[in-house]
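Step one of this worksheet: look at the structure below.
The values are calculated or read from the model by the stated rules, or taken from the named source; none is laboratory data. None of these values were measured; they are calculated from a predicted model. FYI the Cβ positions are ideal-geometry reconstructions off the backbone, even for glycines, and counts take in every protein chain you see.
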C-alpha cells in the first residue's frame, strides 16, 4: 500500500476538501460536463477529477481557477456554504446533494420564457401542498 508523502491533513482540512469536491461535482453535473471532458479542458485525467470530487485530493488554487473559468463560475462558488468551523450542513448544501434537484435546476435554467418559469413555479407550489380532501 502506497504511503502519502508530506504532512497529513487535519480533519478540518479534509472537510474543506470534501466540501469543495461536492461543489465541483454539483457544478459539473449541472453543466452536463463529464469528468473526462473537464479533465481534458484543464489538462488532467478524469481520475484526478474523481479524487477532487470525493475530497481525497486537494485542488490547488490555480487548478480551481482553471476549473471555475471553464464552468463559468466564480472561484467563490466552491467555498459557498463553508463556515469558520468548516461545517457544511446548511439547508442549501443538503438540497444540492439530491441528484433529482440538480436535474430539475439544470432543466429549469434552460427555459428562457419568464412566463413559463412562473407557471412552473406555480405548478410546483400547488403540487407540493398536502391534499386536503374533505369527506
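Can you tell me which of (1) modelled with pLDDT under 95; (2) closer than 22 Å to residue 103 by Cα is the one residue 12 doesn't meet? Tallying (1) modelled with pLDDT under 95; (2) closer than 22 Å to residue 103 by Cα, residue 12 fails exactly one: (2).
Considering 41, 126, 112, the condition of being modelled with pLDDT of 85 or more and touching a helix residue (DSSP H, G or I) at 6+ places or on another chain (Cβ under 6 Å) is satisfied by 41 alone.
When the range 3-31 is limited to residues that are out of contact with any helix residue (DSSP H, G or I) (no Cβ under 7 Å at 6 or more places or on another chain) and under 28 Å from residue 109 (Cβ atoms), the one that is surrounded by the fewest Cβ atoms within 10 Å (Cβ to Cβ) turns out to be 18.
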